[in-house]
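Have a look at the structure below before the remarks.
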Amino acid sequence: MILVNKSKIGIIILLIIVLGSATAYITRDSLMSYAFNQMNYNYTGYASIPNNTHNGGSLGGTYNVYGKGEHFYFKVDMKGADQYEDPLCYTSSGLIGNGTVDTINVTSNTVMDLFKKDFKSAMFETPVTGHFDMKCAAWTGYSNFTNNGTDFIGYFKINGVDTDFEGTYRFVPQGTRIAVVSSYLWWNVNSTNKTQINKTYYI
């Protein structure tokens, strides 16, 4: 049986979307800024959410980020998750959303990284800012993110029926993996008590 901590699925999917979106911007074309608004891009990847329990499994599925110029859309389908998740957290409709690339600044490091086909380095070294809204089952959320070429950080808020989340995240390259250092609060909508969570995920 697959068991996933229900309070975390939305947050982990959010982090996957941010990275997928940033990768789509960086790899979409030759990155000539004057042509950006005319360019179409479509990026598809696979996401896996590991389980923290001893006897549990993981969830996996596809995500797609697509758009034209500064406007992008995305969808995440975690196959089978609707059979194990609370329907307030996730259904077979998956997660959908749309957003905007507010700024992007192609540097000489970006060009060199793309020439070497080192897309991860290009993503981390290219200054970019953006924001998006998202919806999954009964919850809605939004996030903004910024990368100044050194620090890749973001803020998010998830509004659920029973539980809300709010906090920050930071992406840190670590070899072949990317560490996601998160710090957020979660609380029951009917309570003023908030729980602080500091956790590092790896994707």
Filtering the range 82-106 down to residues that are modelled with pLDDT under 80 and in contact with a helix residue (DSSP H, G or I) (Cβ under 7 Å, 6 or more places away or on another chain) yields Glu85, Ile104, Val106
Can you confirm whether Tyr184 is over 14 Å from the mean Cα position of the chain (by Cα) and surrounded by 14 or more Cβ atoms within 10 Å (Cβ to Cβ)?
yes
Taking the range 104-160 and the residues there that are open to solvent by less than 50 Å² (accessible area, probe 1.4 Å) and assigned to a helix (DSSP H, G or I), the one that is nearest to Val180 (Cα to Cα) would be Phe124
Considering residues that are more than 21 Å from Gly154 (Cα to Cα) and open to solvent by 70 Å² or more (accessible area, probe 1.4 Å), the number found within the range 63-87 is 5
So, first residue within 15 Å of Gly141 (Cα to Cα) and free of Cβ contacts under 8 Å to residues at least 40 places away in the same chain in the range 87-113, second residue outside any helix (DSSP H, G or I) and of a type in the set (Ser, Thr, Tyr), Cβ within less than 8 Å, six or more apart or across chains; the pairs are Asn98/Tyr73
Result of the Cβ filter at 9 Å on the range 180-200, keeping first residues that are touching a residue at least 60 places away in the same chain (Cβ under 8 Å) and partners that are of a type in the set (A, V, I, L, M) and open to solvent by 60 Å² or more (accessible area, probe 1.4 Å), at least 6 apart or interchain, is Val180/Ile203
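Given the options Phe152, Phe132, Phe156, name the one that is touching an Asp or Glu at 6+ places or on another chain (Cβ under 9 Å) and closer than 22 Å to Tyr63 by Cα. Reasoning before the result, please.
Numbers: Phe152 fails: touching an Asp or Glu at 6+ places or on another chain (Cβ under 9 Å); Phe132 fails: touching an Asp or Glu at 6+ places or on another chain (Cβ under 9 Å).
Result of the check over Phe152, Phe132, Phe156: Phe156.
Hey, among the residues in the range 161-172 that are open to solvent by 30 Å² or more (accessible area, probe 1.4 Å) and touching a residue at least 60 places away in the same chain (Cβ under 8 Å), which one's farthest from Ile104 (Cα to Cα)? Give the steps one after another, and end with the answer.
Start the filter on the range 161-172 by keeping residues that are open to solvent by 30 Å² or more (accessible area, probe 1.4 Å), which leaves 161-163, 166, 168, 170, 172.
Imposing the further condition that a residue be touching a residue at least 60 places away in the same chain (Cβ under 8 Å) reduces the set to 161-163.
Working: Val161: 35, Asp162: 37, Thr163: 34 Å.
Out of the qualifying residues, it is Asp162.
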Cβ pairs under 7 Å, 6+ apart or interchain, first in the range 122-133 and closer than 13 Å to Asn105 by Cβ and in contact (Cβ under 8 Å) with a residue 60 or more places away in the chain, second of a type in the set (Gly, Ala, Ser) and assigned to a strand (DSSP E or B), ordered by first then second residue, are Gly130/Gly99
The lone condition Gly69 fails out of (1) at pLDDT 85 or above; (2) on the phi > 0 side of the Ramachandran plot is (1)
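The values are calculated or read from the model by the stated rules, or taken from the named source; none is laboratory data. These numbers were taken from a predicted model, which means no experiment stands behind them. FYI the Cβ positions are ideal-geometry reconstructions off the backbone, even for glycines, and counts take in every protein chain you see. Side chains are part of the model used for accessible areas, which takes the heavy atoms of the whole protein and leaves out ligands, DNA and RNA. Shrake-Rupley method; radii C 1.70, N 1.55, O 1.52, S 1.80 Å.
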